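Below is one structure, written out as structure tokens; comments come after it.
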Amino acid sequence: MDQQSILEAVRAFVCREFSGEGTGHDFFHLERVVKTAVRIANREHADLFLTELAAWLHDVGDHKLNNGVDKSAEQITAILKELNVPVDIISNVITIVSQVSFSKGKTAESIEAKIVQDADRLDAIGAIGLARVFAFGGSKQREIYNPKHPDQTTIQHFYDKLLKLKDLMHTETARQIALERHVYLESFLKRFYDEWNGEA
Ligand code: ADP
Ligand code: NI
């Protein structure tokens, strides 16, 4: 199978698996990550096929979507073997995907892993990131905000992670996009507290 057909088959697979997903990790999240990753990969002269393949598959079998159990290597292997993808490419994709997730705490080593991680992180900030954080928080029964225990609410996730992302970008292209999205999140938070306090 040629590379284009593999990418199309993988896209069709994740479209079936992730459509209608309600925590912000739906098919359109994958499509945005692919689009952003390919855009960055073109500028960084990275391997376009590997980048796109890993971007489509980066949330497959992820622990946060599978009740805490990580099945990504197993599931990615099954999908790609079925498409007769060579084992060295499968192994590269698995390595990239294992390094993308913030919560797994690994370091992105290759340029392709850095790019997919940047693209995934960009989708967690800005207007879309804002929508996704509350979708995810709600799916975990988390309150939007509660001044009595703010650390247990979705607003806390802005401080734990989202506001840190602009300084964690690997590529210059992502850093530039992140800056604008970061400012947007900050202005949202200001407005949120103003409304909460009856000042707006
Ligand atoms: P990881 O990087 O560990 O795989 P993700 O960053 O993929 O986890 O999670 C992606 C999305 O889920 C982001 O949009 C993020 O805001 C949201 N998310 C993750 N953890 C939380 C949380 N504790 N509360 C609210 N949203 C969260
Ligand atoms: Ni993702």
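Observations on the structure shown:
- Among the residues of region 81-114, those identified as within 14 Å of ligand 2 (Cβ to nearest atom) and either under 14 Å from residue 57 (Cα atoms) or among the acidic types (Asp, Glu) (or both) are 96, 97, 98, 99, 100, 101, 113.
- Within region 115-149, the set of residues being within 16 Å of ligand 2 (Cβ to nearest atom) and among the hydroxyl-bearing types (Ser, Thr, Tyr) comprises just one member, 139.
- Residues that are open to solvent by 10 Å² or more (accessible area, probe 1.4 Å) and within 14 Å of ligand 2 (Cβ to nearest atom) were ranked within region 35-55; the one that is farthest from residue 176 (Cα to Cα) is 35.
- Of the candidates 31, 44, 8, the single residue that is of a type outside the set (A, V, I, L, M) and under 24 Å from residue 139 (Cα atoms) is 31.
- Restricting attention to region 130-142 and to residues that are surrounded by 14 or more Cβ atoms within 10 Å (Cβ to Cβ) and not small (Gly, Ala, Ser), the residue that is farthest from the chain's Cα centre (by Cα) turns out to be 142.
- Taking first residues from region 151-170 that are touching a residue at least 24 places away in the same chain (Cβ under 8 Å) and of a type outside the set (S, T, N, Q) and partners that are near ligand 1 (Cβ under 9 Å from one of its atoms) and part of a loop (DSSP other than H, G, I, E, B), the Cβ contacts under 8 Å between residues at least 6 apart in sequence or on separate chains come to 161/102; 161/124; 162/124; 162/125; 165/124; 165/125; 166/125.
Conditions tested, residue by residue: (1) closer than 20 Å to residue 118 by Cα; (2) without any contact (Cβ under 8 Å) to a residue 60 or more places away in the chain.
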position	(1), (2)
9	no, no
27	yes, yes
39	yes, no
46	yes, no
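- Among the numbered conditions (1) open to solvent by 50 Å² or more (accessible area, probe 1.4 Å); (2) more than 16 Å from residue 34 (Cα to Cα); (3) in a helix (DSSP H, G or I), the only one that residue 90 does not meet is (1).
- Scanning region 56-67 for residues that are open to solvent by less than 60 Å² (accessible area, probe 1.4 Å) and without any contact (Cβ under 8 Å) to a residue 24 or more places away in the chain, we see that the one that is nearest to residue 120 (Cα to Cα) is 61.
The values are calculated or read from the model by the stated rules, or taken from the named source; none is laboratory data. Here the structure is a predicted model, which means the values were calculated and not measured. Reconstructed Cβ throughout: ideal geometry from the backbone, glycine too, with neighbour counts over all protein chains shown. Just so you know, the surface numbers come from the protein's heavy atoms only, side chains and all, with ligands and any DNA or RNA stripped out. Shrake-Rupley method; radii C 1.70, N 1.55, O 1.52, S 1.80 Å.
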